[in-house]
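Only one structure is covered here, and it is reproduced in the block below.
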Amino acid sequence: MIDAIFSSEIYQILEKSLNAASQQHKLISNNIANVDTPGYKTSEVVFQSKLQEILNNKDKNYFPLKITHPKHIPLLPDININNIEPETITRAETTSRNDGNNVDIDMEMSKLAENTAYYSTLAQLMSLKLTMLKDAISEGRR
């Protein structure tokens with residue numbers, strides 16, 4: 001029973017988003033730490049755009065074709081929250097300095113502040129969902 005509750009879509013989205021934001025925080029911190037390292041290229045996590053794409057496609061009304069043979073090709077890919085994972089990419093295409101380093105400290109500090117606020121919001125949402133679950137279990141009695 002409890003597994004069914006925590007495997008619901010909202011908990012999966014919050015969990016994966018929290019993990020991606022945590023990973024993003026580590027990468028931003030690493031970028032900041034390497035601001036003076038010659039040849040260092042910034043890294044970042046790609047997750048929110050993937051999540052947005054899945055959530056946008058979920059809202060569309062479509063009728064997937066029934067596959068009756070293993071060699072049939074499905075019309076649409078299986079759109080599922082479980083299929084997305086954060087992806088780390090390295091931005092090597094830009095360099096604004098002679099030493100080959102492309103870390104813009106102002107941009108990284110801005111990303112760090114944004115990611116901190118994003119993570120905090122996700123954590124508050126998860127806490128709220130757990131509080132609601134606790135209230136439902138205790139039938140509203142405290």
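Quick notes
- Burial ordering of Val35, Val45, fewest other beta-carbon atoms within 10 Å first: Val35, Val45
- Over 32 Å apart at the Cα level, from the set Lys41/Lys129; Lys41/Lys71; Lys111/Lys134; Lys26/Lys129; Lys26/Lys71, are Lys41/Lys129; Lys41/Lys71; Lys111/Lys134; Lys26/Lys71.
- Ranked by how many other Cβ atoms sit within 10 Å of their own Cβ, fewest first, the residues Thr116, Thr42, Thr131 fall in the order Thr131, Thr116, Thr42.
- Ranked Lys71, Lys26, criterion: other C-beta atoms within 10 Å, fewest first: Lys71, Lys26
- Table column - 3J(HN,Hα) (Hz), segment 89-104, Karplus curve with 6.51, -1.76, 1.60, x for Gly and Pro: 10, 10, 8, 9, 7, 10, 9, 9, 10, 5, 7, x, 7, 10, 7, 9
Read-outs throughout are calculated quantities, based only on the coordinates presented, and are distinct from any laboratory measurement. Note that the coordinates shown come from a computational prediction; the quantities given were computed from them, not determined experimentally. Here Cβ is always computed from backbone atoms with ideal geometry, including for glycine, and neighbour counts include all displayed protein chains.
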